[in-house]
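Trainee: One structure, pasted below without further comment.
What follows draws every value from the coordinates through simple rules; no lab data is involved. This one's a predicted model, so the numbers in the text were calculated from it and none came from an experiment. Neighbour counts run over all protein chains shown; Cβ positions are idealised from the backbone, glycine included.
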Amino acid sequence: MRLAIGADHGGYDLKNDLVAHLRQLGHDVVDVGAHAHDAHDDYPDFAREVAEAVASGRVQRGIVVCGSGVGASIAANKVKGVRAAVCHDSYSAHQGVEHDDMNVLCLGARIVGVELARELARAFLSAKFSAEARHLRRLNKVLDLEQG
């Protein structure tokens, strides 16, 4: 799968580990940065890069890592067409895709360790939207909210 991944200083080390891990699994990973640790960078910049890559169709899914995952989720969800969520358990990471068509996974590097982050990314990337009638109905309601 082609995916974009980004992180601020809070998620920099975890992002680098995930990039290597996901490439080893055969994914085409677009690393939008940070490309160097900068304690003064800001999560919205990286969340926007990932979210715009997903919304434009340049990638199928995205992952954003910050300290808690919360800020990244808030920022990514401001981009039309993005359905981002913080997931710190594997059930939510796959169920968010299967039921809600989540397309951006947000992780908190100060919350999850490397092994759990790898598990969450694998669960997220291997999941597929069910397209069941009830899930489509709910997704369409979410898309209507996005229209204002």
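Trainee: How many residues, within the stretch 21-37, are in contact with a strand residue (DSSP E or B) (Cβ under 9 Å, 6 or more places away or on another chain), free of Cβ contacts under 8 Å to residues at least 40 places away in the same chain and part of a helix (DSSP H, G or I)?
Mentor: Adding up the residues that qualify gives 1.
Trainee: State yes or no: is D38 over 20 Å from A131 (Cβ atoms), surrounded by fewer than 18 Cβ atoms within 10 Å (Cβ to Cβ), of a type in the set (D, E, K, R) and touching a helix residue (DSSP H, G or I) at 6+ places or on another chain (Cβ under 9 Å)?
Mentor: Criteria met by D38.
Trainee: Would you please name the residue that is farthest from A117 (Cα to Cα), looking only at residues in the stretch 73-82 that are crowded, with 20+ Cβ neighbours inside 10 Å and within 11 Å of the chain's Cα centre (by Cα)?
Mentor: Filtering the stretch 73-82 for residues that are crowded, with 20+ Cβ neighbours inside 10 Å and within 11 Å of the chain's Cα centre (by Cα), the one farthest from A117 (Cα to Cα) comes out as V82.
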